[in-house]
Amino acid sequence: MHKKRWIRKLDTLGRVVIPMDIRRELGIVKQDAFSLASTEQGIILHQIDKEKCRLCGSNDSLKPYRDSLVCIPCMHELKSL
Ligand SMILES: [Zn+2]
């Protein structure tokens, strides 16, 4: 599944730049969140799902609810139950 391979060096602050081609292909933009895992095969970088409503998947008008995000239309729907 690996299409291309890039080699990058850590900068003086320990950062690695994700190549522009990958960012464009995966829709990665500034402030996106990632988790890092150290495994026997190496480091796995996993893009955390962008913020979206836990119930319908919308990314508009989100409000925190407990440890999730829920959109306002879903909140209204829940209140009417
Ligand atoms: Zn929703």
*Where R66 falls short, out of the listed (1) of a type outside the set (F, W, Y); (2) assigned by TED's automatic domain parsing to the domain that holds K4; (3) over 30 Å from G14 (Cα atoms)*: (2)
*Give me a count of the residues in region 15-67 that are of a type outside the set (S, T, N, Q) and part of a strand (DSSP E or B).*
12
*In region 40-59, residue farthest from the ligand (Cβ to nearest atom) [restricted to those that are open to solvent by 50 Å² or more (accessible area, probe 1.4 Å) and at pLDDT 90 or above]*: E40
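The values are calculated or read from the model by the stated rules, or taken from the named source; none is laboratory data. The model shown is predicted, which means the values in this text are computed figures rather than measured ones. Because the Cβ atoms are built from the backbone with ideal geometry, glycine has one as well, and the counts that use them run over all protein chains shown. Protein only, heavy atoms only, side chains kept; ligands, DNA and RNA dropped before computing areas. Shrake-Rupley method; radii C 1.70, N 1.55, O 1.52, S 1.80 Å.
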